[in-house]
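Here's the structure, in structure tokens; my notes come after.
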Amino acid sequence: MVDNPRWSFIPWREGDIHSNPFSDEFFSAETIAASLVREPVQNSLDARAGHDPVLVRYTVSTFKQLLTARESKWFRGLWPHLVSKDAGLRNLPSEHAPVPFLLIEDFGTLGLGGDPFQLRNIAQPDVRNDFFYFWRNLGRSGKSDMERGRWGLGKSVFSAASKIQTIFGLTVRASDQRCLLYGQSVLGTHDTEAGHFTSYGFFGEIRDDGSPNELALPIDDAVAAGEFSRAFSLTRNGEPGLSVVVPHPAGDLLAPQIVHEAILHFYYPILSGDLVIEVVDDNGAIRLSRESLRDIAHGLKFDRRSSVTPESLSALFDMAEVTQATTDGDLITLATAHDRSPPTWRGENFPEPVSSEARNRFNHGEIVGFRVPLSVHQVSADSRETFFDAFFQRAPALTRGDYHFLRQGIRVTNVKTTLHRGVRAMLVALDPVICGFLGDAEDPTHTQWEERNRHFQDKYEDGVLLLRFVRHSLASISEYLLQAQEGMDPNLLANIFFVDLNEIGTSRTTRESNPSGGGTPDPPPPLPPPTADSFVLSRCEGGFRLGRNRAINATPRSLNIDVAYEVGRGDAFRKYSPLDFDVAMLPIEVLTSGVSIISRRGNRLCVEVTNPEFAVLVQGFDPQRDIRVRVTEPAHNDDPQI
């Protein structure tokens, strides 16, 4: 038995930088429940030990039979650091108050392997040290490109979820069955009566007690581990995995919140049988498994303003199960580029007659699936072939498009696209190559794909264009599926592609419109006579769409598109500033079909029309400002030069 385990903070040395950790800020935009579900569960899936499902169990403690921090040996030496005015804690609980806690445990995983007493990074090819990376690294990860997490920041959600910024971890390792106990506290650089200390403190067995080199090391003692397990109600009984205790959880973290987030983020691996999540509190245990997920989701309560309902979840689960049961032979393989040129969406992507047959099935309510082959080319490396799958279903009851992007079963929640109302779509990326590519593009919270993060930028040839191709895939394929045909609902796209018929100019080949439509609208004018323009300009979220005018039998050869933010007085186009936006730069995004971009600079986009069924979608403008769009057909002189 370890004689005197306690907390020890690393002393600040003269010349050290005063630095307070801020990694928890990456997760501040979402609820505590969302972060504490997504990050731990994806880490557990990465650590899966075999083919059996991974079990992640959440236990929400109550005040029954809880010790105070003052009485508990597990907080010995910690409180003087917590009460320091520079520690950065707000609403610090009393040392004399009972200590509620959240317990997060996984089973069917490998546990934290590697040398537990390694204190510095030692590069060893093909040797992982998960223990070292979990406890002694921030912003660095020992994971491979093919795994779900790689920023090395996900573990910070544990301490961020504690009012005292403190956690304990007990791991049983599959490699050697050793049981190790450790603790970590993340504060600001601070002073106590004992001296000046850095941000990080550790709980464990003390080495060099009282010296400048004092350090807390992991406790490798079965008796201490058993005592800790009883104190915090651990359910682990020698099985490999990791148990994390979060004392004094921040916010009102309740079991229903955890269940809700678990369903929204991890329905796919639950339905596939790869994952089971249990949530335990005083009211009992809720077990989310392949067999129980539908019944539990049906009983959930949702905000009336939310688009998520038990009915929408049931339809989503249906689609997920179809994607999981679909074989390669059931998918329509699209024709995309396999050389080093970046792929683009165009009519030639869709092989006939199978694509037209899929369109018919789609419009009869069936779920249709496509395989999209790609080539991913890292800089200074060979090109690698990969693919992702995309599934679509016509759902007329949907008042807006319902789309889901999934990488290795995890829902990437904040990837945005434009999907027509009445369509449900799901992108499923499972191949290791495309998962590595998309994972590199993810932000630290794994909720969106970013073109400029440090894992992605400059790593791939034409990586930005390839990422945009993937991100726009659901919109582009659904555009093909929704092409007009006999018997199709003419109002299907009414709320997405609203056409502004209020003509501003008088020229036959020039139209101006305000697609963003801010402010209080004027009373609608009488409908003008049918326009003779060969194009139609319409609004969409964050921008505008330009497409064929089906009322006349004419196709423009080329179009000049000018955009400017509306002004209170004067000509909006004359008052355009490069500081407003540049159509060639983010956040402006241009998605085209049936056109070639001739030039793209400042506030002007020039395109050549190559297909009568053309479309130009431009998005990314400031949603707080109105935009004005002017479209002109340049004059063409086909006479030979003399």
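Pop out the carbon and sulfur fraction of the accessible area of region 27-118 as a percent, whole number, probe 1.4 Å. Write out the running numbers ahead of the final one.
Working: 2200 of 4130 Å².
Of the solvent-accessible surface of region 27-118, carbon and sulfur hold 53 percent.
Between Ser94 and Asn121, the simple label model (points 7 Å from Cα in the Cβ direction) yields a spacing of 4.5 nm. Roughly how many Å is it from the Cα centre of region 355-418 to that of region 234-284, as a whole number? A separation of 29 Å, based on Cα centres. Taking each of Lys85/Lys155; Lys85/Lys301; Lys155/Lys459; Lys163/Lys416; Lys459/Lys575 in turn, the alpha-carbon distance tops 30 angstrom for Lys85/Lys301; Lys163/Lys416; Lys459/Lys575.
Which peptide among 598-608, 469-479, 235-245 comes first, and what is the full order, when sorted by highest mean count of other Cβ atoms within 10 Å?
Values: 598-608: 16.8, 469-479: 22.4, 235-245: 19.5.
The peptides rank, most packed first, as 469-479, 235-245, 598-608.
Placing R0 at 25 angstrom, the Cβ-Cβ distance between Leu586 and Arg371 gives a FRET efficiency of 0.30 after rounding to 0.05.
Given axes a ≥ b ≥ c from the Cα gyration tensor, I'd like to know whether region 341-462 is rounded (a/c under 1.5), prolate (a/b larger than b/c) or oblate. Provide the component values of the computation, followed by the final result.
Details: a/c = 2.46, a/b = 1.48, b/c = 1.66.
Taking the square roots of the gyration eigenvalues as a ≥ b ≥ c, region 341-462 is oblate.
Note on Asp318 and Ala554: the extension gain reaches 80.7 nm, defined as 0.36 nm multiplied by sequence separation minus the Cα-Cα distance. For region 367-451, averaging the sequence separation of C-alpha pairs within contact (under 8 Å, six or more residues apart) and dividing by the residue count gives a relative contact order of 28 percent. Less than 5 angstrom separates the built amide H of Glu205 from those of Leu217, Ile219, all sequence-distant by 5 or more or on a different chain.
How do the peptides 452-464, 364-376 rank, highest first, by the average count of neighbouring beta carbon atoms within 10 Å per residue? Mind showing how you got there, number by number?
Values: 452-464: 15.3, 364-376: 18.4.
Top of the packing list down: 364-376, 452-464.
As a fraction of the 1.4 Å probe accessible area of region 343-394, surface on carbon and sulfur atoms comes out at 50 percent. For the peptides 254-267, 45-58, the ranking by packing is 254-267, 45-58, with the highest mean count of neighbouring Cβ atoms within 10 Å listed first.
Between Arg604 and Asp622, what length comes free when the chain is fully extended (0.36 nm per residue of separation minus the Cα-Cα distance, one decimal in nm)?
On the way: separation 18, 0.36 × 18 = 6.48 nm, distance 1.70 nm.
Contour length minus Cα-Cα distance gives 4.8 nm.
Between the C-alpha center of region 44-99 and that of region 579-622 there is a gap of 52 Å.
The values are calculated or read from the model by the stated rules, or taken from the named source; none is laboratory data. Because the structure is predicted, anything quoted here is derived from the model rather than measured. Because the Cβ atoms are built from the backbone with ideal geometry, glycine has one as well, and the counts that use them run over all protein chains shown. Calculation scope for accessible area: heavy atoms of the full protein, side chains included, ligands and nucleic acids excluded. Shrake-Rupley method; radii C 1.70, N 1.55, O 1.52, S 1.80 Å.
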